[in-house]
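The block underneath contains the structure these notes are about, expressed in structure tokens.
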Amino acid sequence: MTNSSHSCDISLAVTGSGGAGAITTGELLLQLSGGNGCFGMMRRSFGPQIRGGEAAALLRIGHRPVECMDDSFDLLLALDWRNADRFAEEINLRPDSLIIADPAAGEIPDSMRELGVEIINVPMTALAKEVAGGRPNMIALGVLAHWLGFCNDRAGKLIARIFSRKGAEIVAGSQAAFNAGFTEPLIAEARSARNLPAPGEVKHDQARWALSGNEGCGLGALRGGIRFAAAYPITPASDLLEWLSPRLEQLGGSLVQAEDELASINMVIGASFGGVPSMTATSGPGLALMLEAMGLAVAAEVPAVVVNVMRGGPSTGIPTKSEQADLNMALYGLHGDAPHLVLGALDHADCILTTEWSVRLAESLQTVVVVLSDQNLAQSRVIIPHPEYKLPPIPGRQVAKRTDSYQRYQLTDSGISPMAIPGAPDLMYVADGLEHSESGKPSSAAADHQAQLDKRQRKIADFDFGDHWAQCSGTGETAIVTWGSSAAAAREAAERLRALGTPVKVIALRLLLPASPDKLAAELAGVSRVLVVEQSHSQQFYRYLRAWYEMDAEIGLLARPGPLPISPGEIVTQIENWS
Amino acid sequence: MVQQASTIPIKPKDYKSDIKPVWCPGCGDFAVLNAITKALAFLELPKEDVALISGIGCSSRIAAYTSVYGFHGVHGRALALAAGLKAARQDLTVLVAGGDGDGLSIGGNHFIHACRRNMNLTYIIMDNEVYGMTKGQASPTTAPDWLDSKLTPGGTGIRPFQPAGLALTAGASFIARGFSGDPNGMARMLVEAINHPGFSFIQVLSPCPTFRPEQMDWKHHVRVSEQETTDDPVLAAQRIQADDGMSTGILYQRQIPAFQPGGKPPVAEVADFERAFEV
């Protein structure tokens, strides 16, 4: 997508080696964009180093909300060229793109020069040296703010606010450096030469939020009523936990850092048994460790929410990058016949809805809910319209009332049995992973096993999940069926195809387990071609669809592994080339 | 949550359920069950305010044999589940019980971290130096030259853990050793353990008549320690290391602030956090 066809939609990348401040530049630029009335998205890309090492801030700024990155970049600003090759596949430049480089950083790598892209040399290091307390990345921020047509007053205030803790000297130096970059004549010349439209300042009344996917899941969890969490650190779920920890404390709850994931999920089950809605968050390897106890929570009918932020796997895989390849584990990883729920968040705002819904479902149905997010959502930040949604009313956890003949696992029509909470007199029972009778007494009798399996299945199968099972948009004979963070790319692809005259419908599944075959069949009425889109090498989502759904249409497949997110352009190309 | 106080039971048998234990005749675990119910009766704890958490194994079946709240979970994770319950519900008295395999092998990591974390829990390991439920394999407390397991026909060749020493090193603040042949002594020990404001660990020598019949001889070797309880970890370590593992009593007790997460009054509402997202 070029600037000419999408006038106020600019993609830019800032790269630098460790300590160069590329990420800070990106974060401030995103905030500045928000302040100037724009929407936007920023992904961070790091090398494997713990501290330092190369980093790239990948941004997309414009007048309309975006939920995925564009196919290519309009501008690359390189603070230096060390390890720049590492980002080559992530930062796709076009012949009409622009590189802004610092002559002090040395020769531009051949790989960049060969692209034939116009290069503007801005002496960022030299300019920074002329300012007390100035740093090249603040020069870069000024350059980019000018490029985007932003106002420099607002930037001055933002810098003052962000750097206030670092002291007046740093604030003044950063502001002066910003101004030096902002007023750099080379940039003004390049802009006017290209006659570039830029977002500039946008005035509107629309309330907007800046949010990462991990924060969205955290907020959804709290809205759903989570008041206890236990977890073990793992990329890319740790920042979700770090967001939750102090907030749970302020809400009167707590987060415990456990010794491992085996402990975290068992702590969650213990706390939930105690009556407190509880969750953990992890990523693939951690989820693998939790599966045994998730079976316990299913058998003992203890509500538990597990947010799994997917990353490249198997094993340590590509821990800082995204993939949609834990679907099979979430669906099928539990031992025995263990009915549970699996939901997938579709975009940043949807992380809030999906996680809140998951908590409410877990509490209501007294079972395990796995929420699938991924690194692409979790660790990117967007500026989006204020997220609004309405969940259907869901009854909370059914708590047992005092009775003389309490049976914890009573066979009810709904399959949901009132749950006694420790502290309640006369209702004492033993929650058990052993198969049990209605009273909870261990039993290996065939009739008890059958009855309890039926009950645990029934409470999920008979529940009315309503309209939130999927997010559907558009109409047409061609449909994209997708899930998770690939949904945003699918929606944008459909929008582009519509503009080109091909109507495309998008069906993004939010509720993955239990499957909703009738609902999908209804949505696919009149659809003759279905393109399944997912970020998995072994086509996990496609095979799941094949196993659970009837799709009376020609099926195409766009399935590939991470680490690069599925782009709208890939989907457009596949549909355009579908003969 | 608590509706209204029920009549406080006064007899130990009131803390027992009507489920018949799966244990073999002569199993030491019967005495542990009796000691627990005696201690609870002595402390006059309302049944609804007590939870007994266990894992998997013969001894872990104990949860179903009491009439308090209970959780019979997965193998080795009872301490973690109990920690979550206590974190969420500090008003409850939380007991944890299981065997030497459950607590020291598959659950070994949780054991050392529970000692270190020092939450106000009482943990009972019924130590019979064998896996009974799986029909007689060596555990982490089995002697290296025990030859009766088909799984390790020449013996394990591996030195056993000394549970009390392990607990001390890991930072437990209350360490005791009891014997199933002395249920009254064990009950007194349990009262002290429950009253101890931190993590209390009791290793109970609890013979297995089926797979370790030679343990029926333990009654001739076990002795009540004449030494006073110490709060000095160095002295406690010396005593534990010098001992043959058959001395009973409270070997170590030290007042260390218990870890209790949460429980503070709420100072915010969820909506307060939402404002931070506004652009």
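Only the coordinates and a few stated rules stand behind these numbers; no lab work does. What you see is a predicted model, and the numbers here were worked out from it, not measured in a lab. Reconstructed Cβ throughout: ideal geometry from the backbone, glycine too, with neighbour counts over all protein chains shown.
Remarks
- Sequence-separation-based contact order of chain A, relative, with Cα cut under 8 Å and 6+ spacing, percent: 12 percent
- The simple spin-label model puts a point 7 Å past each Cα toward its Cβ; for B:N109 and B:Q241 those points are separated by 2.8 nm.
- Cβ-derived FRET efficiency at R0 60 Å, B:T169 paired with A:R194, nearest 0.05: 0.30
- Peptide A:413-424 - average C-beta neighbours from other chains (10 Å radius): 4
- For region A:9-206, the relative contact order works out to 22 percent when only alpha carbon pairs closer than 8 Å and six or more residues apart are counted.
- Take the Cα radius of gyration of region A:108-240 and divide it by 2.2 N^0.38 Å, N being the number of residues; the result is 1.43.
- Chain A: calculated mean residue ellipticity at 222 nm from DSSP helix runs of at least 4, using -39500 (n - 2.57): -11000 deg cm²/dmol
- Straight Cα distances below 16 angstrom link B:K150 to the aspartates and glutamates B:E129, with same-chain residues fewer than 8 positions distant left out.
- Among the GluC sites (Glu not before Pro) in region A:365-443, those placed in a DSSP loop whose Cβ has at most 11 other Cβ atoms within 10 Å are A:E388.
- Applying 0.36 nm per residue to the separation of A:L453 and A:D153 and subtracting their alpha-carbon distance, the gain on full extension is 101.5 nm.
- Charge dipole of the protein assembly as shown (Cα centre as origin; +1 on each Lys and Arg Cβ, -1 on each Asp and Glu Cβ, all else neutral): 1200 debye, rounded to the nearest 20.
- Percent of beta bridges antiparallel (DSSP, region B:1-158, rounded to nearest 5): 10 percent
- A:L411-A:C472 FRET efficiency (beta carbon distance; Förster radius 35 Å; 0.05 resolution): 0.45
- The mean sequence distance of close C-alpha pairs (under 8 Å, at least 6 residues apart), as a share of the length of chain B, puts its relative contact order at 18 percent.
- For the pair B:S225 and B:D272, the difference between a 0.36 nm per residue extended length and the Cα-Cα distance amounts to 11.2 nm.
- Most simply put, chain A has about 40% antiparallel DSSP beta bridges, counting only bridges with both residues inside it.
- Antiparallel DSSP beta bridges within region A:9-206, percent to nearest 5: 55 percent
- Applying 1/(1 + (r/R0)^6) with r as the Cβ-Cβ distance of B:K264 and A:D518 and R0 = 51 angstrom yields a FRET efficiency of 0.60.
- Low-density loop cleavage sites - GluC sites (Glu not before Pro) in region A:1-109, where at most 12 other Cβ are within 10 Å (DSSP): A:E89, A:E107
- Per residue of A:249-262, other chain Cβ atoms within 10 Å of the residue Cβ number 6 on average.
- Magnitude of the charge dipole, region A:68-111, Cβ model with Lys/Arg +1 and Asp/Glu -1, debye to 20: 100 debye
- Hypothetical label at A:A446: residues of region A:295-338 whose amide nitrogen lies under 19 Å (7 Å Cα-Cβ projection): A:337
- Considering helices alone, the calculated mean residue ellipticity of chain B at 222 nm is -7500 deg cm²/dmol, with DSSP H runs of length four and up weighted by -39500 (n - 2.57) and normalised per residue.
- In nm, spacing of pseudo-spin labels at A:A525 and A:A88 (7 Å Cα→C-beta vector): 5.3 nm
- Checking every one of the GluC sites (Glu not before Pro) in region B:181-226 against DSSP loop status and a limit of 10 other Cβ atoms within 10 Å picks out B:E226.
- Net charge of the neighbourhood of A:A362, taken over other residues with C-beta under 13 Å away and scored Lys/Arg +1, Asp/Glu -1, is 0.
- Placing pseudo-labels 7 Å out from each Cα toward the beta carbon at B:A143 and A:A104 gives an inter-label distance of 7.5 nm.
- Cα-based reach from B:K47 at 26 Å (exclusive), listing lysines while leaving out same-chain residues under 8 positions away: A:K401, A:K441, B:K11, B:K13, B:K16, B:K20, B:K38, B:K86, B:K264
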